[in-house]
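Read through the structure below, which is laid out as structure tokens, and then see the notes.
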Amino acid sequence: MSRVLSLTVSLIVLLVIYWQIDFSGLLAVLQNCSIVWLVISLGMVVPLTLLTAWRLQQLAPESAFLGFAEANRLILAACVLNMVLPSKMGDIAKAYFLKERGHLDGSLSLSLVVFEKACDLLSLLLWWFGLLLYPQKDGLFWLMTSSVVLGLGLGCCCSVPPGALKCSLPWASKSLPRSSGPSWKNYSLLGVKCMLFLE
């Protein structure tokens with residue numbers, strides 16, 4: 001009964017959304033657009049969806065037994081739900097589906113979805129460096145650039161596997177001056193322990 005009710009509500013929401021569309025204006029826009037570029041832009045959705053599904057499959061632990069077809073279905077379901085649900089809640093529903101189908105438990109599935117969205121944010125931050133070619137650079141531009149670089153650096157540090165931290169941080173402590181070596185070594189060991197705990 002609850003599933004029928006949810007489907008009914010979803011259909012009502014879709015009907016309200018499509019009722020607001022100006023189909024005559026939409027048809028005029030389609031008639032004036034370039035058919036070649038329209039086909040190319042729509043065709044790019046297919047490899048983008050497949051790559052996103054492959055990324056989800058690679059991010060999931062081996063114990064999840066998440067196949068490529070199942071990952072693709074989850075991505076498509078999340079995309080459809082994002083059209084009708086606010087604040088990208090379709091991705092939260094993806095975590096729910098991961099739990100209901102027995103791939104992961106609730107907390108780990110939600111963590112996987114959050115990390116996946118964090119990867120999306122980092123990829124968007126990388127596009128900011130293309131604006132370095134912009135000719136007019138004022139103080140606000142460099143302030144935003146510094147903020148993006150800082151956020152990108154913090155995001156990359158949070159994405160580093162604990163094994164890499166365990167190898168790199170003690171090596172970095174040896175390259176510091178001898179007076180600051182012991183204190184940095186303590187901080188590095190503390191950082192490794194925190195990352196291993198979060199894992």
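The values are calculated or read from the model by the stated rules, or taken from the named source; none is laboratory data. Just so it is clear, the structure is predicted and the values come from calculations on it, not from any experiment. Neighbour counts run over all protein chains shown; Cβ positions are idealised from the backbone, glycine included.
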Please report, ordered by residue number, the helices (runs of 4 or more DSSP H) entirely within region 10-93 with at least 3 residues that are under 26 Å from the mean Cα position of the chain (by Cα).
35-43, 45-59, 68-84
Check whether at least one residue in region 128-150 is within 14 Å of the chain's Cα centre (by Cα) and modelled with pLDDT of 75 or more, and report yes or no.
no
Within region 59-99, restricting attention to residues that are without any contact (Cβ under 8 Å) to a residue 40 or more places away in the chain and of a type in the set (Val, Ile, Thr), which residue is surrounded by the fewest Cβ atoms within 10 Å (Cβ to Cβ)?
Val80
Give the residue, chosen from Gly67, Gly153, Gly106, that is touching a Lys or Arg at 6+ places or on another chain (Cβ under 6 Å) and not charged (D, E, K, R).
Gly106
